[in-house]
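One structure below.
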């Protein structure tokens, strides 16, 4: 009789074990398309060594932690490249215009107008054309400088907007850490909560290139910028965007990022991964570099043209006049401030090279036209200019186009690597409906077989009881 009761306990335990295993496989099936879900496996083990039966040993989350870390790093790299590529494409479309409407086209029109002036230096029409071409070139350069500055401020605004989301995600990691450890300390699994925490960390990777690791207690530590800890156990260090009102700072009028805490950690120069890292590169490196080249073109062009123009005479026999407005303090001219002298008159155009030069004197106009082919920009390594205006301007366009293509290639390559890693993760941790159905059927048959054995044991017990 005691043997039958012992068998009854073995089979009852088996029924409960198979029932829990069925729940695990059913949980996998219903979450097959749930974002971030990792397949779970029911862990069964023999009771042994002195007893018979099977018991439910727990649930295992199928995950490759090393692969997950690689995915985090790749998300950060791809998001940075994608943000940078998007802004550079926009700039290339707006100011990388080599048509007649762009700076290069306006430069050609400027020298074409002065070429016409050399043929008819006394005509009001050709003088007005020279003024208009000068104004158009100035306007086009100013517009390009404005587009660069507006794009820089757009990147800055996007950084500010994303900081709040970063801080909210850090809060979520902190809370998940606490809840997971508390739940698992009672012996209950927190597999689904771990998946949710991984999703949060991957969003942090998307924004700031976060990487993470989990300690033996179940706490997730999150780091950025090569090792700066921003979340650990149930604490977090939050991002702060501070307006820069230092007029001598390269980020004057923008916002500087830092980590709050006992010691303030500046992030602008450190953060390179994630969307915010890409935006910082656009704001603090790419656009200032383009702006510097455009400023150099504008300043050199204005200085060279003004030097020739002021050395020649207008129809009113007055020399010493600039064609373009120069700075009052002698500092380098900014492209954003390039403009024609406000009170210029057609008679002020210095087409003649001599006082009372007489009708048809176009030597001054020819001197300005000659600057089209003079090397006034660049540096040959010995301190000598080695590029014409057109070549120097072309360098600006080449840099913009090159940086755009490099960023686009980087984005595409990083996306390919991320897709590959996600495929590996899906193969390793994803749910296969077919496999789960096979496992479900197997557990169902085991449950049914155990139920039949239980039925046999119950009949045997009835028989023994009736015999008594």
For this session: Please give the number of the condition residue 382 fails out of (1) in contact with a helix residue (DSSP H, G or I) (Cβ under 8 Å, 6 or more places away or on another chain); (2) assigned to a loop (DSSP other than H, G, I, E, B).
Result: (1)
Exercise. Only one of (1) in a loop (DSSP other than H, G, I, E, B); (2) closer than 30 Å to residue 374 by Cα fails for residue 295. Which number is that?
Worked result: (1)
For this session: Considering each residue of region 385-394, count those that are touching a residue at least 12 places away in the same chain (Cβ under 8 Å) and either surrounded by fewer than 17 Cβ atoms within 10 Å (Cβ to Cβ) or in a loop (DSSP other than H, G, I, E, B) (or both), and give that number.
Result: 4
Exercise. Using beta carbons and a limit of 9 Å, which pairs, at least six apart or on different chains, have the first residue in region 38-58 and at positive phi and loosely packed, with under 12 Cβ neighbours inside 10 Å and the second one modelled with pLDDT of 85 or more and in a strand (DSSP E or B)?
Worked result: none
Exercise. If we only count helices (runs of 4 or more DSSP H) wholly inside region 97-212, which ones have 1 or more residues that are within 30 Å of residue 227 (Cα to Cα) and modelled with pLDDT under 95?
Worked result: 124-184, 191-208
Exercise. Just to be sure, is residue 442 assigned to a helix (DSSP H, G or I) and closer than 30 Å to residue 39 by Cβ?
Worked result: yes
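If you check residue 16 against the conditions, is it modelled with pLDDT of 85 or more and under 30 Å from residue 465 (Cα atoms)?
Details: modelled with pLDDT of 85 or more: yes; under 30 Å from residue 465 (Cα atoms): yes.
The answer is yes for residue 16.
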For this session: Being in contact with a strand residue (DSSP E or B) (Cβ under 7 Å, 6 or more places away or on another chain) and under 24 Å from residue 317 (Cα atoms) is the filter; apply it to region 363-376 and report the residue that is surrounded by the fewest Cβ atoms within 10 Å (Cβ to Cβ).
Result: 363
Exercise. If residue 139 satisfies every condition in (1) in contact with a strand residue (DSSP E or B) (Cβ under 8 Å, 6 or more places away or on another chain); (2) free of Cβ contacts under 8 Å to residues at least 60 places away in the same chain but one, which is the exception?
Worked result: (1)
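The values are calculated or read from the model by the stated rules, or taken from the named source; none is laboratory data. All of these numbers come straight from a predicted model, not from anything done at the bench. Cβ: placed from backbone, ideal geometry, glycine included. Neighbour counts: every protein chain shown.
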